[in-house]
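S.K.: First the structure, then my questions, so here it is.
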Amino acid sequence: MGSSCGRGCWEWASRLRRLTGFSRLLSTAALAPQICVVGSGPAGFYTAQHLLKHHRLAQVDIYEKLPVPFGLVRFGVAPDHPEVKNVINTFTQTAHSDRCSYYGNVTIGKDVTVKELQRAYHAVVLSYGAEDNRILGIPGENLSGVYSARAFVGWYNGLPENRDKTDITEGSLAAIACSKVKRVWLVGRRGPLQVAFTIKELREMINLPGTRPLLDPADFTGLGDVIKDVPRPRKRLTELMVKSALEKPGEREASRWASATKEWGLKFRCSPLEVLPAADGKQARGIRMAVTRLEGSGESARAVPTGEVEELECGLILSSIGYRSLPLDSSIPFDSKLGIIPNSLGRVQGAPGLYCSGWVKRGPTGVIITTMNDSFDTAQSVLEDLQSGLLKLSNSKEGFKSVRSILHSRGVHPVTFSDWEKIDAAEVARGKLAGKPREKLVDPREMLQLIGH
Ligand SMILES: Cc1cc2nc3c(=O)[nH]c(=O)nc-3n(C[C@H](O)[C@H](O)[C@H](O)COP(=O)(O)OP(=O)(O)OC[C@H]3O[C@@H](n4cnc5c(N)ncnc54)[C@H](O)[C@@H]3O)c2cc1C
């Protein structure tokens, strides 16, 4: 380069370099999508994981209404299934990404609206599960001794809203240990070919120490022929029921069943009509049920009352007829009949930039793996919409910065993931004293105190 260009050219070039560097920085910032996820259960964490993995700039903020994360992995999955809870390790890795933030103790729809989130983020993914339970809708359902299975599970798992039922969770263990329950009936409106439990669950029940199964051979006779053409998982499940009901048990099993002090049984083709009150008019003493017959066959068979009625004496009735999602606020499309957010591949219908995953997307069925696949699909839809320009990154969004000022103005103090890790450490330390993996804190006030909120 000639000297005439010399210093001037060099200055010009270096200014250009600074400018292009700056503009590259600007465009990088502008290109970083700000995404938030509502709910920190499997759906929330798997959606975040997929987004972070497949978009190298995405910033994902997870909002959770409880101070503690992981949804039903913490409050649903049974305590004797610790291996299922290992997914928490994967979720923790996601939370440790420097492009992921967790904000617990923030209830969307109350502390911040979805509209406010939409103003702060390029995309909002609703993954808030199905927290309500379906009710039987029969007389006597409010009597003492009738509970939803959801409340029962929440109680022994230390869910804060269910903690007042008794001392939790050491307390629930003690209560269960001195339980006088001798027999449990699982009642279903339809037949053995329509049961909704899995073969793993059935196997666990059959092998439950100190108990024997009560299966009426009449319910299973002839089923062997009917199941030849049904899908393999249902076939194997039915075969196990048929075997347990009709075949002579082996020597070990026979002796275990003979010495069992408790029983559980399956009662088919019965539909609850009324919870019967005890003499005091307050406590449940039993349940009246309509005997049904099946119309149609397979999964779609319908239970139709025969006109016959059966009564079952029992002191405790747990209704386990499914969970239900509720709308977060009236501005969000919601199908109240199906109890889900109407969507196509996770894109909320008629609401660009709004997505859903997990149980609120497809209804409260399926296990964690099902939820994982479904959440990856939703995250994929978000990525495609970023790629196609449907989500406009040129509209700069402030993400948590603007939500923080909203929360501050409303006196809400979010719990960060490192705050949760302090709660976690305290629980593990308490558990150690009791010889358990953890003793959960069940009072949100205690959790918040522990982290200095
Ligand atoms: C009793 C029970 C036992 C189960 N056991 C197993 C098992 O052993 N193995 C298995 O694979 N699957 C099991 N499952 C299924 C599994 O738990 C679900 O597939 C999965 O949890 C659904 O994930 P989700 O994220 O959609 O919902 P959830 O896990 O319910 O997560 C939703 C999250 O959203 C939060 N939230 C709700 N409302 C708001 C709001 N307004 N603002 C912010 N956050 C909010 C909730 O607090 C929660 O943390 C079980 C389910 C139940 C009910």
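Values in this text are rule-based calculations from the coordinates and carry no lab data. For clarity, every value in this text was computed on a predicted model and none was experimentally measured. Backbone-built Cβ (ideal geometry, glycine too); neighbour counts: all protein chains shown.
S.K.: In the chain, what percentage of the DSSP-assigned beta bridges are antiparallel, given to the nearest 5?
M.R.: Counting DSSP beta bridges with both partners in the chain, the antiparallel share is about 45 percent.
S.K.: Once you keep just the Cα pairs under 8 angstrom separated by 6 or more residues, what percentage relative contact order results for the chain?
M.R.: 22 percent
S.K.: Sticking with this one: On a 0 to 90 degree scale, rounded to 10, what angle separates helix 400-409 from the longest Cα axis of the chain?
M.R.: Helix 400-409 sits at roughly 70 degrees to that axis.
S.K.: For the peptides 175-181, 346-352, what is the packing order when you average, over each peptide's residues, the other Cβ atoms within 10 Å and list the highest mean first? Working shown, then result.
M.R.: Details: 175-181: 9.1, 346-352: 17.0.
For the peptides 175-181, 346-352, the packing ranking is 346-352, 175-181.
S.K.: What is the sum of charges around GLU384, taking Lys and Arg as +1, Asp and Glu as -1, for the other residues whose C-beta is under 11 Å from the C-beta of GLU384? Intermediate results must be reported in sequence, preceding the final value.
M.R.: Values: positive: ARG347; negative: ASP377, ASP385.
With Lys, Arg at +1 and Asp, Glu at -1, the net is -1.
S.K.: Something else about it: Name the long-range amide H neighbours of VAL37: under 5 Å, sequence gap of 5 or more, or other chain; modelled H, no Pro or chain starts.
M.R.: ASP61, ILE62, TYR63, VAL125
S.K.: Tally the DSSP beta bridges in the range 135-321 and give the antiparallel ones as a percent, rounded to 5.
M.R.: 55 percent
S.K.: Could you list TRP185, TRP359, TRP420 so that the one with the fewest beta carbons within 10 Å of its beta carbon is first and the one with the most is last?
M.R.: So the residues, fewest neighbours to most, are TRP185, TRP420, TRP359.
S.K.: Let me ask another. Could I get the Rg over Rh figure for the range 135-321? Both from C-alpha atoms, Rh via Kirkwood, rounded to two places.
M.R.: Radius of gyration over Kirkwood radius for the range 135-321 works out to 0.98.
S.K.: Between the range 365-431 and the range 191-205, what's the alpha-carbon centroid distance in Å?
M.R.: Centre-to-centre distance over Cα atoms comes out at 35 Å.
S.K.: Percent relative contact order of the range 401-453, based on C-alpha pairs within less than 8 angstrom and at least six residues apart?
M.R.: On the way: 25 pairs, mean separation 15.2, N = 53.
Result for the range 401-453 is 29 percent.
S.K.: Further question on the same structure: In debye, nearest 20, what is the charge dipole magnitude of the range 247-331 about its Cα centre with +1 on Lys and Arg Cβ and -1 on Asp and Glu Cβ, if you could check?
M.R.: For this selection, approximately 120 debye.
S.K.: While we're here: Could you run the Karplus curve 6.51 cos²θ - 1.76 cosθ + 1.60 with θ = phi - 60° over the range 107-112 and give me ³J(HN,Hα) per residue in whole Hz, x for Gly and Pro?
M.R.: Values per residue, Gly and Pro as x: 8, 6, x, 10, 7, 9 Hz.
S.K.: Sorted from fewest to most neighbouring beta carbons within 10 Å, what does the list MET205, MET447 look like?
M.R.: Sorted ascending by nearby Cβ count, the order is MET205, MET447.
S.K.: Still on this structure, please answer the following. Scan around VAL184 for amide H atoms under 5 Å from its own, H built in the peptide plane at 1.01 Å from N, and keep only partners 5 or more places away or cross-chain.
M.R.: GLU263, TRP264, GLY265
S.K.: Just how large is the dipole of the range 135-321 about the Cα centre, in debye to the nearest 20, putting +1 at every Lys and Arg Cβ and -1 at every Asp and Glu Cβ?
M.R.: So the dipole magnitude of the range 135-321 works out to roughly 400 debye.
S.K.: Let me ask something else. With bins 10 Å wide starting at 0, give me the P(r) of the chain over every alpha carbon pair, in whole percents.
M.R.: 4, 16, 24, 23, 17, 9, 3, 2, 1, 1, 0
S.K.: With Cβ to Cβ distances under 10 Å as the rule, what net charge do the other residues near VAL37 carry (K, R +1; D, E -1)?
M.R.: That works out to -2.
S.K.: Pop a pseudo-label 7 angstrom from the Cα along the beta-carbon direction at both ARG119 and LEU240 and give the gap in nm to one decimal.
M.R.: Taking the two extended label points, one gets 5.3 nm.
S.K.: Taking amide H positions as placed 1.01 Å from N in the peptide plane, with prolines and chain starts having none, which residues 5 or more places from GLU274, or on another chain, fall under 5 Å of its amide H?
M.R.: Amide H to amide H, under 5 Å and 5 or more residues apart or across chains, GLU274 pairs with ARG288.
S.K.: Which Cα, out of SER127, GLY222, CYS314, lies furthest along the positive dipole direction of the chain (beta carbon charges, K/R +1, D/E -1)?
M.R.: SER127
S.K.: Which of LEU202, LEU318 has the fewest other C-beta atoms within 10 Å, and how do the rest follow up to the most?
M.R.: Values: LEU202 19, LEU318 16.
Ranking LEU202, LEU318 by Cβ neighbours within 10 Å, fewest first, gives LEU318, LEU202.
S.K.: Related question: Give me the one-decimal nm value for the distance between modelled label points at LYS110 and THR261, 7 Å along each residue's Cα-to-Cβ direction.
M.R.: 4.3 nm
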